[in-house]
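Quick notes on the structure that follows.
The values are calculated or read from the model by the stated rules, or taken from the named source; none is laboratory data. Just so you know, these numbers come straight off a predicted model, no measurement behind them. Here Cβ is always computed from backbone atoms with ideal geometry, including for glycine, and neighbour counts include all displayed protein chains. The protein model used for the area step is the full one, side chains on, heavy atoms only, and it has no ligands, DNA or RNA in it. Shrake-Rupley method; radii C 1.70, N 1.55, O 1.52, S 1.80 Å.
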Amino acid sequence: MNLIDIMMPNMDGYELLEALRSNEKTRSIPIILLSAKASENSIIRGLNKGADDYLTKPFSARDLITRIRININLS
């Protein structure tokens, strides 16, 4: 069991993002939010809370892989 498995039942993705960004050990990890929430407000909220990218469901594997590569290269 990892940190995300432990934390997620007790918080939503935005709260998890805030926890990861507030921890010195996880602050610099690139984070791509993957959510069914596709509204402009949800996307902006996630990016404002520190997400590096945001994908909405359904998503294509090619798009996800491309975004992962881009974020790795940027980090």
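Just a few scattered comments:
- Considering only LEU47, SER75, ILE31, the residue lying farthest towards the positive end of the dipole of the chain is SER75, judged by Cα position with unit charges set on Cβ.
- Accessible surface of region 2-74, 1.4 Å probe, proportion on carbon and sulfur as whole %: 55
- Kyte-Doolittle mean at least 1.6 and Cα axial length at least 15 Å: DSSP H helices in the chain: none
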